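These notes are about the structure you will find just below.
Values quoted throughout were computed directly from the atomic coordinates according to the rules given, and no laboratory measurement underlies them. Note that the structure is a prediction, hence the values are computed from the model and not measured. Because the Cβ atoms are built from the backbone with ideal geometry, glycine has one as well, and the counts that use them run over all protein chains shown.
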Amino acid sequence: MPVFMLDVRPAGAPTSESTLRRVEAGVPTLDVRDLGPARGDGVFETIGVVGGHPQALDAHLKRLAHSAALLDLPEPNEEQWRHAITEAAASLPTDRQGGLKIVLTRGIEGSGQPTGWIVASPAEGDFAERETGIRVVTLDRGYTSDVAQRAPWLLPGAKTLSYAVNMAALREARRRGASDVIFVTSDGYVMEAPTSTVILRFGDRIVTPRTDIGILPGTSQLSVFKFAADRGLGTEEALVPTSDLLRADALWLVSSVRLATPITHVDDTEVSVDRELTRAMNEALLAREN
């Protein structure tokens, strides 16, 4: 699991000299005073890697910059991150999938110098759930659907390092005999999963929840919508009532590494699965360039 540390440069600064350092296993890499691990004061992206190629890189860099802006972090130097991500991806085996976790934090308090790193990980297992599907439970996120307008300081739509609630939700799912969670708003609308975007099919229409209700824009969701459009399916971002989870013709959780995982049960109720479309969707996601 290679780790790469960045000498973070301001946006627009030249990056001709090497600003990336590969850290050997067992070598200390991070100051414990860093505000990322100490307070969750940072942002991150997880990028899928196939055949040494980082997927949907443009979309991930755009979302990293958006998250950084929401936290008043310095704008990422896109050229520097693009080079670092490409080099880190090349360190992974090409015979199986992998992933990169890229992190940007505020750094040590008072230093004014952000911290950046990348962890490159080969995928574990064969992603059998893409075929078998998963069970999910719905959990109230504690927000109403207008949270992004009403309370922007809660940072809805930012991919931050503060993941304690998401991990607690996944533990609750396992206690209930499920594998994952779909968060819903307190006023009854579908949001997202802790680490995935929700996709629904209604006939020849593919739908995902609107991001203005306080959720992350999905990078893999953009690829799914392109795939759907190429097949002549309609696509839509909409307010999705929680009840629609049980009336949809198919449901998926979609993320950069797991890709499209079909949902078989919602809160112990069996739901329809479109296996043919799932296979085609995953073939397209594995083959994407950007």
- prompt: In nanometres, what is the gap between the two model label sites at Thr94 and Lys62, each 7 Å from Cα along Cα-to-Cβ?
  reply: 2.9 nm
Fewest-first ranking of Leu245, Leu71, using other Cβ atoms within 10 Å as the exposure measure: Leu71, Leu245
query: Shape of the stretch 3-85 from its Cα gyration tensor (a ≥ b ≥ c, root eigenvalues): rounded if a/c is under 1.5, otherwise prolate when a/b > b/c, or oblate?
result: rounded
field: Of the trypsin sites (Lys or Arg not before Pro) in the stretch 40-114, those whose Cβ has at most 16 other Cβ within 10 Å and which sit in DSSP loop
entry: Arg96
statement: Using eta = 1.002 mPa s and T = 20 °C, Stokes-Einstein with Kirkwood Rh from Cα pairs puts D for the chain, in µm² s⁻¹, at 108 µm²/s
message: Please list, in order along the stretch 206-217, the HN-Hα scalar couplings obtained from phi with the Karplus expression 6.51 cos²θ - 1.76 cosθ + 1.60 (θ = phi - 60°), rounded to whole Hz, x for Gly and Pro.
response: 9, 10, 9, x, 5, 6, 6, 8, x, 10, 6, x
task: Give the angle, between 0 and 90 degrees and rounded to the nearest 10, that separates the Cα long axis of helix 57-70 from the longest principal axis of the Cα atoms of the chain.
output: 80 degrees
- prompt: By per-residue mean of other Cβ atoms within 10 Å, what is the highest-first order of 208-216, 271-279, 50-58?
  reply: 208-216, 50-58, 271-279
message: I'm a student and want to see the number: the projected area of the Cα convex hull of the stretch 74-230, averaged over all directions, in nm².
response: 12.5 nm²
- request: Find how many whole Å separate the alpha carbon centroid of the stretch 3-65 from the alpha carbon centroid of the stretch 181-196.
  value: 28 Å
In nm, spacing of pseudo-spin labels at Ser18 and Asp212 (7 Å Cα→C-beta vector): 4.8 nm
field: Qualifying chymotrypsin sites (Phe, Trp or Tyr not before Pro) for the stretch 88-163 [loop in DSSP, other Cβ within 10 Å: at most 16]
entry: Phe127, Tyr163
query: If you line up the long axis of helix 275-287 against the longest principal axis of the chain, both from Cα atoms, how many degrees apart are they, to the nearest 10?
result: 20 degrees
field: Geometric extent, Cα atoms of the stretch 22-149 - Rg, Dmax (angstrom)
entry: 17.1, 50
- request: Quote the relative contact order of the chain in percent (integer), defining contacts as alpha-carbon pairs under 8 Å separated by 6+ residues.
  value: 19 percent
